[in-house]
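Peer 1: The structure under discussion is supplied below as structure tokens; questions concerning it will follow.
Coordinate-derived values only; no laboratory data. These numbers were taken from a predicted model, which means no experiment stands behind them. Note that we place each Cβ from the backbone using ideal geometry, even for glycine, and neighbour counts take in every protein chain shown.
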Amino acid sequence: MLKVKVHFKSSRELARDCEGKMKIGELAGRTGLNASAIRYYERMGLLTPPYRTGGQRRYPAEAIHRVLLIRFAGDMGFTLTEIRIFLSGLRDNAPVGPRWRKLAAHKIEEAERTIQRSLRLKSLFQHLLRCDCASLQDCVERLSLSENLKTISGERGSPRRGNRG
């Protein structure tokens, strides 16, 4: 019986090219995400499209750092658009400090606005804890006419929100 041993050049090159490259499931597992999240990050332009072999995505080891950074930034309240801007054109050996400072300055302003709104809401809720209105109509009239409440809610006559009572 004749035994044939086949070594196609492409299969050796393929094995060498895939060394150190992860499948999507491995990248997802190592970063604590689902594979669907990794694909979503690709579609959103946060991850560069990976090398493919046999229809399977193959990610370089550096993709772990990028995905973990995306997760961290998302957990810190950065939007996907902000993360995309942060990552655009960023090379693995480039300093990230200036980019963080620019985004952080913007986020600090945003956090200050959120804190101020939260303090106004807390004050409103404390006011509502003392509500002794006899009827809904009475409550709505008191809240709508109260200058103090308008100041607390920050609305000052703006009919934008309908949740005054």
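Peer 1: Search the structure for amide H atoms under 5 Å from the amide H of TYR59, placed 1.01 Å from N in the peptide plane, and list their residues when 5 or more places away or on another chain.
Peer 2: Hits under the 5 Å cutoff: MET22, LYS23.
Peer 1: Hey, quick one: spin label on THR79, modelled 7 Å out along Cα-Cβ, who in the range 102-126 has an amide N within reach, i.e. under 14 Å?
Peer 2: Under 14 Å, as judged by backbone N against the label point of THR79, lie 106-107, 110-111 of the range 102-126.
Peer 1: Tell me, in nm to one decimal, what length is gained between ARG30 and LEU69 on full extension, where the rule is 0.36 nm per residue of separation less the Cα-Cα distance?
Peer 2: Using 0.36 nm per residue and subtracting the Cα-Cα distance, I get 12.7 nm.
Peer 1: Hey, another quick one. LYS23 to ALA105: extension gain in nm, 0.36 nm per residue of separation minus the Cα-Cα distance?
Peer 2: 25.9 nm
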